[in-house]
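Report on the structure given below.
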There are 2 protein chains.
Amino acid sequence: MYRAPVSEIAHTLKTVTGLGKAMDARKTGDLSEDLLDAILEEAGKFATDAIAPLSKIGDEQGTPLKDGVVTMPEGWGQLYKDWCEGGWNALTGPEAYGGQNLPMALQTAAFEMWNSGSLAFGIGPTLTIGAIEAINLHASDALKSIYLEKLVSGEWTGTMNLTEPQSGSDLNGLKSRAEPVGDGSYRIFGQKIYITYGEHDMTDNIVHLVLARLPDAPAGQRGISLFLVPKVLVNEDGSLGARNDVFCNGVEHKMGIHASPTCTMIYGDGKFGDEAGAIGWMVGEENRGLACMFTMMNNARLLVGIQGVAVAEAATQKAIAYANDRKQGRAEGYDGEGMAPIVHHPDVQRNLLTMRALTNATRAISYNCAFAIDRQEAPDSDHAFWGNRAALLTPIAKAFSTDVGVDVASIGIQVHGGMGYVEETGAAQYLRDARIAPIYEGTNGIQAIDLVTRKLPLEGGDAVRGYIAELKDIAEAVRGSNRPDLDGVADGLAAALDDMEATTEHLLACLENGDKASALAGATPYLRLFGLAAGATYLAASALHSGEAEQADRGAIARFAASNLTPETASLRRIVEGGAKPLLSAGELLKSA
Amino acid sequence: MYRAPVSEIAHTLKTVTGLGKAMDARKTGDLSEDLLDAILEEAGKFATDAIAPLSKIGDEQGTPLKDGVVTMPEGWGQLYKDWCEGGWNALTGPEAYGGQNLPMALQTAAFEMWNSGSLAFGIGPTLTIGAIEAINLHASDALKSIYLEKLVSGEWTGTMNLTEPQSGSDLNGLKSRAEPVGDGSYRIFGQKIYITYGEHDMTDNIVHLVLARLPDAPAGQRGISLFLVPKVLVNEDGSLGARNDVFCNGVEHKMGIHASPTCTMIYGDGKFGDEAGAIGWMVGEENRGLACMFTMMNNARLLVGIQGVAVAEAATQKAIAYANDRKQGRAEGYDGEGMAPIVHHPDVQRNLLTMRALTNATRAISYNCAFAIDRQEAPDSDHAFWGNRAALLTPIAKAFSTDVGVDVASIGIQVHGGMGYVEETGAAQYLRDARIAPIYEGTNGIQAIDLVTRKLPLEGGDAVRGYIAELKDIAEAVRGSNRPDLDGVADGLAAALDDMEATTEHLLACLENGDKASALAGATPYLRLFGLAAGATYLAASALHSGEAEQADRGAIARFAASNLTPETASLRRIVEGGAKPLLSAGELLKSA
């Protein structure tokens, strides 16, 4: 069973990101080290004691739909209520509406633990928090006063409604429409698919944020506006009124996250109300809906990234425990009687260390991304610098972490052997659950393209160059430490960071020379290279800043990563630099006549 | 929907393995090129028209157990009957018992297609065929005359009973026991788990091959014997008699291959018959049961390996079709209106080409392994040479192919985006099904250890050295061809084969120097390196021997592999050569106190 790794998480937050120094310099408001530790401890307890035990029942029961009503699995309604009552939904919410305005970095760490308990649970509040951000930044005061307090407390949940059957990664083709009523409200019509927690029975109301087109709006992305559409209309006194004309007419049967209802939502079908059309209100400006939605999507991307870390952590813990328990075969150096626990076999150690190192590496990257978002928003910081840093790390935090989540969960099954393939054990559920995260909130392919075509060119390339220089400083600090347990780490990191630098310049040159196709061809291997190099560097930083008690463990993980994981960057560099042409010419042959 | 790639399969068999030349030299008995093509065509039709359409219903209905009876999914009984009536179960069976004695290479190709239709279907006959081999090679004439004909025709199915709860990869701990009755028969007692098709309702009888210990047998593996235990006893006239004392008391709830019943079998519980103890007969010599079982396991490993190829092929076809159909985003060079089919995006092309190249590469390796098995058994061949070749390639065919099966199926989901995560589409089922293949018939970790510790040392290392030399000859032939569409391929292959050679010598030196732990630590990355280098070389060979019509396609795949896949060998080499020490010292920290 999952145990929240609170002290490892706190260590990562404090030493691998700048949060420790920021707290020391009292740049984090009320947040002290003691408060941070206390919050993490309690968040971890909730993950371990309350969420994790309900994960399997959620997987088994799913979220059946009957007559438009989605029934959540047994115990999930109470679980959500308890979670809200703990104040957990309000961690980063605006203080004016009952939120605690705590840092994103802390929230990210807490969400890691809750998602380790259950991805299907974690994704619901992830979307509510996104809705809170979008409404807080872009909606009118009138809308804020009606909806924000209840969203911040978690009494109501929020959703994001982007996708339509013909319009997923590309929103140009979006067809849902909004007709002005004349009193400031709109009637919304259309079908939305893949709406996470679009319908459920845990709260009295659900606040949908819906992309739709106004009449006569320009075609394409520049004609899309954002609307707030509650499931139940709210009376002037704040009480709930009539049902709005929106309902769920389908729940997907998915590979995993069965306890997260993925809904088809129908707006304006005339099922409810006297007149067809779901009533909604515009959020932000006309035809600027995508910009508003991206506000919430950026942070949501980080929180989906942390799902990858979360499932990797849970799978790693389970595999290590199993490998210490299960005995098969003889092993050199094992001095017990008979068969050795399989953790004694080097090949099993490779599996477990790969899991552990990749989990810790993606955690460090994701927390750094969260810290950058906090700094970007902090009053006394260099907003442009931290904004660029957050922008640069978001696709890595999302895509590298979620790829790792899938890989680590799959290795976890392998460590369990036949037991891993049997659902009873729970290892298989981790892989089934993990498999969504590289897809939703922008597929990992889209993240790689975003990284290469939008993020590398920030500040003419100087944003990423500055980041690489920082990583190189860490590698040099490792070298300077002369710690014997970090033998070879500085060399391994230096080679990986050289590969990162060379491929970065190569891709920037492709973009500059108008060879965008080659840059796109290299995007995915480049993203992985970036993640491996940065992640392994953070592992070394973590080891460098460890107290004596954990030094050996963290040093060993850093050394494993620098010798068994970062060598891959050399290959990825060759692929980025030399693979594009053969790829693009072979790609032609895939196209149907 | 899957379409059997008959001509690609035939081309691979004829040109990338030695089968074409062997047929030309009339070394393949009755098998001519025309006959080969005709059989492949019909086997492919059965896969496409009969098996594939029942895969989803098998996944949905599974194999419920009630009162010891397992009910197969709708249509599966008839499917199996039709398959047997087509003579497909008898392809390689001994002629004396109604078999067609055709080459393993042909059977492997046919099984690829049937498994592409459904892994859950293919695994049943895989085990029957293994049972036929073991009985034919090791059982008494009396047992053969009772059981073989019905097993060859498929009227009865066969199973392998190795695993017990405490005894999986390591059979030393096996506890099931066999007590001699005195009349040549034995009473078998014990519990076996994970027995594939241990119980089902498709045939009147099931023939279990069961590992058990005789009284006073030595401890460990040298005290294990093999027994034939029918579900229903057979009368002297061949008719079915009383039910034997064996029954299924559990069916696993698995991640995938739901239509393949994975059974817990209870022997000798006294549920059937007057006296407790399932009646069985020894196959092979006392205490030599493992050797007999390994006879069937080796070929079964190849046929499990082909499951990896099979699911990869099916997933690749599905993804390519989807990518040509689904439109999202704008793409450079797309001259249609509006959004482009996603196959136009370079990042999607990378996914699809990776799928296609790995699928074809593992196919070529597996067919080469099958061809070596055929040559090993052929009357006029160098048995030792081909036996070593088969031994060398079996772990690659099993492990590399099934790892590829998982990876390719996972990429297939990614290409489908949200549609891939929804079970309706079928992409998710491929991953759920594929995930068993790296586990059963010897986990891929065990395969890697087998490769390094048993296969590399064959002939003092000269078996693998000779193989690498053959691959280098192919690379040089590519260079000599000067074909512009293979530009760069020879260099890419040469680098990969140099990496293969260097790591081979490194591991042999480790073994020779008594540093077995380092060899074990490098086993898994070495196996992958071996697979990538050999597979990419075969892709080039396939391109080299193509007629004009397919030259461009096969050349492009070979070039993609040599530029975008084989670069990984450089990293794997560094990991094998330099990663063992950090791994082994970090591994210590994983062990519980």
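The values are calculated or read from the model by the stated rules, or taken from the named source; none is laboratory data. Note that the structure is predicted; figures quoted are calculated from it, not measured. Neighbour counts run over all protein chains shown; Cβ positions are idealised from the backbone, glycine included. Side chains are part of the model used for accessible areas, which takes the heavy atoms of the whole protein and leaves out ligands, DNA and RNA. Shrake-Rupley method; radii C 1.70, N 1.55, O 1.52, S 1.80 Å.
Listed values, structure above:
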quantity	calculated
Candidate residues A:45, A:472, B:192: accessible-area rank, largest first, probe 1.4 Å	A:45, A:472, B:192
Charge context of residue A:429, other residues only, Cβ under 14 angstrom, K/R +1, D/E -1	+3
Sequence-distant residues sharing a close amide H with residue A:250 (under 5 Å, placed H)	A:264
Surface per residue (accessible, 1.4 Å probe) for the protein assembly as shown, Å²	35
Nearest 10 degrees, 0 to 90: helix A:401-416 Cα axis against chain A principal axis	60
Number of partner chain Cβ atoms within 10 Å, mean per residue of B:484-490	1
Accessible-area order (highest first, 1.4 angstrom probe) of the listed residues B:524, A:503	B:524, A:503
Solvent exposure, largest accessible area first (probe 1.4 Å, DNA, RNA and ligands not counted), of A:234, A:422	A:234, A:422
Shielding by other protein chains, A:166-174, mean Cβ within 10 Å	5
Net +/- balance of residues flanking residue B:45 in space, Cβ distance below 12 Å, scoring K and R +1, D and E -1	-3
Spatial separation of Cα centroids for segment A:56-128 and segment A:186-247, in angstrom	21
Of all accessible heavy-atom area on segment B:437-593, the percent that carbon and sulfur account for (1.4 Å)	50
Per the axis that maps chain B onto chain A, nearest residue of B (Cβ criterion) and its distance in Å	B:571, 2
Accessible surface buried once B binds A (1.4 Å probe; total of both sides; Å²)	7300
Cα centre as origin, Lys/Arg/Asp/Glu Cβ charges: the protein assembly as shown dipole, Debye	840
Volume of the Cα convex hull of segment A:220-277, divided per residue and given in Å³	152
Distribution of pairwise C-alpha distances over segment A:279-420, 10 Å bins, in %	12, 29, 23, 17, 11, 6, 2, 0
Reciprocal of mean inverse Cα separation for segment B:530-584 (Kirkwood radius, Å)	12.5
Inter-centroid distance (Cα atoms) of segment B:135-180 relative to segment B:547-576, Å	42
Reachable aspartates and glutamates from residue B:81, criterion Cα separation under 18 angstrom, eight or more residues apart if same chain	B:42, B:49, B:149, B:155, B:199, B:201, B:204
Threshold 10 Å², segment A:515-537 residues less accessible with all protein chains present than alone (1.4 Å probe)	A:516, A:517, A:520, A:521, A:524, A:525
Spatial separation of Cα centroids for segment A:10-47 and segment B:363-416, in angstrom	53
Rg(Cα)/(2.2 N^0.38 Å) for segment B:247-349, N = residue count	2.00
Inter-copy separations for residue B:271, label at 7 Å along Cα-Cβ, nm, ascending	4.7
7 Å along Cα→Cβ, label-point gaps from residue B:201 to other copies, nm, shortest first	3.4
Only Lys, Arg (+1) and Asp, Glu (-1) charged, at Cβ; chain A dipole about Cα centre in debye	1280
Convex hull of Cα atoms in segment A:384-488, direction-averaged projection (nm²)	9.4
Surface accessible to a 1.4 Å probe, residue B:81 within the full protein complex, Å²	110
Sorted largest first, extent of chain B alpha carbons per principal axis (Å)	77, 60, 59
Long-range HN-HN contacts of residue A:283 with modeled amide H, under 5 Å	A:226, A:227, A:228
In Hz, Karplus ³J(HN,Hα) per residue of segment B:370-384 (6.51, -1.76, 1.60; θ = phi - 60°; x = Gly, Pro)	4, 4, 5, 4, 4, 5, 4, 8, 6, x, 9, 10, 7, 4, 5
Calculated Rg and Dmax of the protein assembly as shown using C-alpha coordinates, Å	30.2, 97
Per-q log10 I(q)/I(0), segment A:109-169, q = 0.12, 0.15, 0.24 Å⁻¹ (Debye; single scatterer per alpha-carbon; no solvent)	-0.37, -0.56, -0.98
Scattering profile of segment A:22-120 at q = 0.25 Å⁻¹ [log10 I(q)/I(0), Debye over alpha-carbon scatterers]	-1.31
In order through segment B:149-154: 3J(HN,Hα) via Karplus (6.51 cos²θ - 1.76 cosθ + 1.60), integer Hz, x for Gly, Pro	4, 6, 6, 5, 6, x
Calculated on alpha-carbon atoms, Rg and Dmax of segment A:443-585 in Å	16.1, 54
Alpha carbon convex hull of segment A:157-288, volume per residue in cubic angstrom	110
